[in-house]
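The values are calculated or read from the model by the stated rules, or taken from the named source; none is laboratory data. Every value quoted in this text rests on a predicted model; they were computed, and no experiment measured them. Positions of Cβ are generated from backbone atoms using ideal geometry, with glycine treated the same way; all protein chains shown enter the neighbour counts. Ligands, DNA and RNA are stripped out before the accessible areas are found, and what is left, the full protein with its side chains, is counted by its heavy atoms. Shrake-Rupley method; radii C 1.70, N 1.55, O 1.52, S 1.80 Å.
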Amino acid sequence: MEFNELNLAEMDKDLTAEERAEWQAIYASYRSGSVMRGEAAGVDYHEFEFVPEGKKRAVKQKLRCMIIISYRIKVIIPETEMFLISVPEGGYVLHSMCGAKLDYVITYVDRENNFAVASRKLALEKMQKASNRRNILDRIIDADVVSVGRNVCLLNYGGYDVLLRQRDINYTMVSDIREIVHTGEVRKAKVKEFVPEEGILKLSIKETMPHPFDGVETRHPVGSYRVATVVGKYGGGVFCRLSDNATDVLCSYDTMHYDGDFQLGDRVEILIKRLNYEKKLIYGKMLRKMR
């Protein structure tokens, strides 16, 4: 039976106050296109029937779907209705969104079977139109963390999904950004670029924080000896994090050192050799492993 033919007053008469409020919000979104918000509860597979573009006959396809359950009603968002931007395939991004706050618009209601289908893409389009009327360049905003992987995270602000890599997240190197950013968080971010007519929004989390290099000539002057921890290797050199846990030094090895003698997590003594103010980098030399 079509939604408009349902006797909702009769169907809803025995609902609790919480159930009635949940259904009323779903009805309103379906009828007016209003945006709802809920926490992603998990991922299911559901079969949908649709007519492919350029075809006349309907086909059935099983799709990966995000599930939102605010109280009792299951809201299903097909993966094809989740993103306006291109994201990696394979479902990893969708699974990593569990626990995130997501916006969506109801597109189908099955009142008799107690579920609804929704589109996040429609909600993002509506929110972008509202955001495009504001000047947010260089502002510090609150962005939702909707997905986090080992090397990249997805923020959402004003209907824009923005992929951030490690260079946009933290000044210091981390092996896995899931250690410092978590799905469902709200994080401060600086708007680095905003071109609404081209759908461009670029954000930076790290630029909301002081740069670790600032004041380094006082904390760690050239010629000083420091205890540090090996946190990464790159191009024959090694990154060592100083005891303030915010400053990394790119160190070279002494001629007597073998790279295999130093592992991630080792405590070492280093010599601060040079400060590059233009690139905001510290260079040092590895002296010895601490015992």
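For the stretch 223-276, report the translational diffusion coefficient in µm²/s to the nearest whole number, using Stokes-Einstein at 20 °C, 1.002 mPa s, and a Kirkwood Rh over Cα pairs.
Numbers: Rh = 11.3 Å.
For these conditions, the coefficient is 189 µm²/s.
Collect residues whose amide H, placed 1.01 Å from N in the peptide plane, falls under 5 Å from the amide H of Leu281; neighbours closer than 5 in sequence don't count.
Asn276
Note down the nm distance, to one decimal, between modelled labels 7 Å out along Cα→Cβ at Asp259 and at Lys289.
Once both label points are built, they end up 1.6 nm from each other.
Pairs of alpha-carbon atoms within less than 8 angstrom and 6+ residues apart define the contacts here; what relative contact order does the chain have, in percent? Present the calculation step by step, with values, prior to reporting the outcome.
On the way: 565 pairs, mean separation 31.7, N = 291.
It comes to 11 percent, rounded to a whole number.
Using a 1.4 angstrom probe, figure out how much accessible area the chain has per residue, in square angstrom, rounded to the nearest whole. Spell out each step's value before the answer.
Details: 16390 Å² over 291 residues.
Per residue, the chain has an accessible area of 56 Å².
Using 0.36 nm per residue of separation minus the Cα-Cα distance, give me the extension gain between Val195 and Asn113 in nm, one decimal.
Details: separation 82, 0.36 × 82 = 29.52 nm, distance 4.34 nm.
Length gained, Val195 through Asn113: 25.2 nm.
Would you kindly derive the ³J(HN,Hα) couplings of the stretch 33-47 from the backbone phi angles with the Karplus curve 6.51 cos²θ - 1.76 cosθ + 1.60 (θ = phi - 60°), listing them in order in whole Hz, with x for Gly and Pro?
In residue order, the calculated couplings are x, 5, 8, 10, 9, x, 8, 5, 9, x, 10, 10, 10, 9, 8 Hz.
What aspartates and glutamates does Lys192 reach when the alpha-carbon gap must be under 17 Å and sequence neighbours fewer than 8 apart in one chain are set aside?
Asp138, Asp142, Asp144, Asp161, Asp168, Glu207
Under 24 Å between alpha carbons, and skipping anything fewer than 8 positions from Lys13 in its own chain: which lysines qualify?
Lys74
Could you run the Karplus curve 6.51 cos²θ - 1.76 cosθ + 1.60 with θ = phi - 60° over the stretch 98-105 and give me ³J(HN,Hα) per residue in whole Hz, x for Gly and Pro?
So the Karplus estimates, Gly and Pro as x, are 4, x, 7, 7, 10, 9, 7, 10 Hz.
Please report, in debye to the nearest 20, how large the charge dipole of the chain is about its Cα centre when each Lys and Arg carries +1 at its beta carbon and each Asp and Glu carries -1 there.
Values: 44 positive and 42 negative charges, 239 e Å.
That gives a dipole near 1140 debye.
Can you work out the Karplus-derived ³J(HN,Hα) for every residue in the stretch 219-230? Use 6.51 cos²θ - 1.76 cosθ + 1.60 with θ = phi - 60°, whole Hz, and x for glycine or proline.
Working through the residues one at a time gives 6, 9, x, 4, x, 7, 9, 9, 8, 9, 10, 5 Hz.
Residues with beta-carbon under 13 Å from that of Ile205, excluding Ile205: net charge, scoring Lys, Arg +1 and Asp, Glu -1? Don't jump to the answer; show the numbers that get you there.
Details: positive: Arg165, Arg167, Arg187, Lys188, Lys190, Lys192, Lys202, Lys206; negative: Asp142, Asp144, Asp168, Glu185, Glu207.
Summing Lys/Arg as +1 and Asp/Glu as -1 gives +3.
Report the net charge of residues surrounding Ile85, where surrounding means a beta-carbon distance below 14 angstrom and charges are Lys +1, Arg +1, Asp -1, Glu -1. Walk me through the intermediate numbers first.
Values: positive: Arg120, Lys121, Lys202; negative: Glu79, Glu81, Glu89, Glu125, Asp161, Glu198.
Result for the neighbourhood of Ile85: -3.
In this model, which of Lys190/Lys273; Lys62/Lys126; Lys188/Lys273 are farther than 29 Å apart at the alpha-carbon? Please list the in-between numbers first.
On the way: Lys190/Lys273 33 Å; Lys62/Lys126 27 Å; Lys188/Lys273 34 Å.
Lys190/Lys273; Lys188/Lys273, as the Cα separations exceed 29 Å there.
For the residue pair Glu179 and Glu269, what label-to-label distance in nm results when each label sits 7 Å from Cα along the Cα-to-beta-carbon direction?
Those two pseudo-labels are separated by 2.6 nm.
Using a Förster radius of 35 Å, what is the FRET efficiency between Ser224 and Asp142 based on their Cβ-Cβ separation? Nearest 0.05, please. Please list the in-between numbers first.
Values: r = 39 Å, r/R0 = 1.11.
Plugging the Cβ-Cβ distance into 1/(1 + (r/R0)^6) gives 0.35.
Pop a pseudo-label 7 angstrom from the Cα along the beta-carbon direction at both Lys62 and Met209 and give the gap in nm to one decimal.
Simple spin-label model gives 4.3 nm for this pair.
Run lengths n ≥ 4 of DSSP H only: what is the helix-derived mean residue ellipticity at 222 nm for the chain, with -39500 (n - 2.57) per run over all residues, to the nearest 500? Don't skip to the answer; put the middle values down first.
On the way: 6 runs with 46 residues, N = 291.
Value at 222 nm, helices only: -4000 deg cm²/dmol.
What size of dipole, in debye to the nearest 20, comes out for the stretch 69-159 about its Cα centre when the only charges are +1 on Lys and Arg C-beta atoms and -1 on Asp and Glu C-beta atoms? All intermediate terms of the calculation are to be shown ahead of the outcome.
On the way: 12 positive and 10 negative charges, 54 e Å.
It comes to approximately 260 debye.
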